[in-house]
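Working notes for the structure below.
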Amino acid sequence: MINNKMSLREKSIVFIGFMGVGKTTIGELVAKKLYRDFVDIDKEIEKEYNMPTSEIFKTVGEKVFREKEKSIINHFSKQRLKIISVGGGAFLQEEIRKICLSNCIVFFLDLSWESWKERISLIIDSRPILQGRTLEEIEELFYKRQEIYSLHHSKVETDNLDIESVADFIVDSLKTAWELYD
Ligand code: S3P
């Protein structure tokens, strides 16, 4: 489904990828470089429940979290000129994939497993999905998730790149696309 009402230049940008690949950090930087507002979907959900994600999972459960995630993404993805970071599990829902792919430009931030596993200690406390799993189980989840992230408009391999270079690459490729197709 193509949203004909919005020009390519106006479409919001969505960042997808596994937990801890840098969707928020890179998204914020891209937003700054393009003078756009940044929306972190996890933060929006946390604001609604007034508690961190790990508490939301404990208190209301993952199913309720996922429903809220869907309705908030639905709301923001239809707005113009936003930079949106969605949680690593959001694309598991077909409806979310469809909404994002038809309304927005979707960038997949692709980090290798070798580089990702170096970050695990920094993120595990705030990611309920990783807790209670062995490294082997997390690796399995990582590769399984790569399949759903393969649905995107553009991919950036971020290994060995600093966030500034990743953000510049994204901004340059967007400007090229806008010039070519708008
Ligand atoms: C999740 C990823 C998290 C957050 C929640 C569930 C997942 O977001 O939405 O903990 O299932 O992958 P980040 O990808 O921003 O860490």
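Using the alpha carbons of the chain, what is the convex hull volume per residue in cubic angstrom, as a whole number? Don't skip to the end; give the middle numbers.
Numbers: hull volume 20.3 nm³, N = 182.
Expressed per residue, the convex hull around the Cα atoms of the chain is 112 Å³.
For SER165 and GLU140, FRET efficiency with R0 = 25 Å and r from the beta-carbon atoms, rounded to 0.05?
Calculated transfer efficiency: 0.25.
Given a 1.4 angstrom probe, what's the average accessible area per residue across the chain, in square angstrom?
Working: 9810 Å² over 182 residues.
Per residue, the chain has 54 Å² of solvent-accessible surface.
Once you list every other residue whose beta carbon is under 12 Å from the beta carbon of SER150, what net charge do they have if Lys and Arg are +1 and Asp and Glu are -1?
Values: positive: ARG97, LYS144, ARG145, LYS155; negative: ASP110, GLU147.
My count for the surroundings of SER150 gives +2.
Of the residues LYS117, LYS78, LYS63, which exhibits the maximal mean-square fluctuation in a Gaussian network model of the chain defined by a 10 Å Cα contact cut-off?
For the chain, modelled as a Gaussian network with Cα springs under 10 Å, the answer is LYS63.
Where in region 93-109 is the amide nitrogen less than 13 Å from a point lying 7 Å along the Cα-to-Cβ axis of MET6?
Within reach of a label on MET6: 98-107.
By how many degrees, 0 to 90 and rounded to 10, does the Cα axis of helix 62-77 deviate from the longest principal axis of the chain?
Here the helix axis deviates by roughly 10 degrees.
Build a GNM of the chain with springs between Cα atoms under 10 Å: which of ARG97, ARG133, ARG145 gets the top mean-square fluctuation?
ARG133
Once fully extended, how much extra length lies between HIS153 and SER126, figured as 0.36 nm per residue of separation less the alpha-carbon to alpha-carbon distance? The partial results should precede the final answer.
Details: separation 27, 0.36 × 27 = 9.72 nm, distance 2.86 nm.
Fully extending the segment from HIS153 to SER126 adds 6.9 nm.
Using a 1.4 Å probe on the protein chains only, how many percent of the accessible area of region 3-159 belongs to carbon and sulfur? Mind dumping the intermediate values first?
Working: 3830 of 7890 Å².
Within region 3-159, the accessible surface is 49 percent carbon and sulfur.
If you line up the long axis of helix 23-34 against the longest principal axis of the chain, both from Cα atoms, how many degrees apart are they, to the nearest 10?
Tilt of helix 23-34: around 20 degrees.
Any idea of PHE38's accessible area? Nearest 10 Å², probe 1.4 Å.
The accessible area comes out at roughly 60 Å².
Under 5 Å between amide H atoms, partner at least 5 residues away or on a different chain: which partners does ILE13 have, H built in plane at 1.01 Å?
Those qualifying (amide H under 5 Å, at least 5 residues apart or on another chain) are LYS82, ILE83, ILE84, ILE105.
I want to verify a result. In a Gaussian network model of the chain, Cα cutoff 10 Å, which of these has the top mean-square fluctuation: ILE45, ILE124, ILE170?
Taking springs between Cα atoms under 10 Å, the residue moving most is ILE124.
Tell me what the chain gives for mean residue ellipticity at 222 nm when only DSSP H runs of n ≥ 4 count, each as -39,500 (n - 2.57), the sum divided by the residue total, rounded to 500 deg cm²/dmol. All intermediate terms of the calculation are to be shown ahead of the outcome.
Details: 9 runs with 96 residues, N = 182.
So the calculated ellipticity at 222 nm is -16000 deg cm²/dmol.
The values are calculated or read from the model by the stated rules, or taken from the named source; none is laboratory data. All values derive from a computational prediction rather than experimental measurement. Backbone-built Cβ (ideal geometry, glycine too); neighbour counts: all protein chains shown. Ligands, DNA and RNA are stripped out before the accessible areas are found, and what is left, the full protein with its side chains, is counted by its heavy atoms. Shrake-Rupley method; radii C 1.70, N 1.55, O 1.52, S 1.80 Å.
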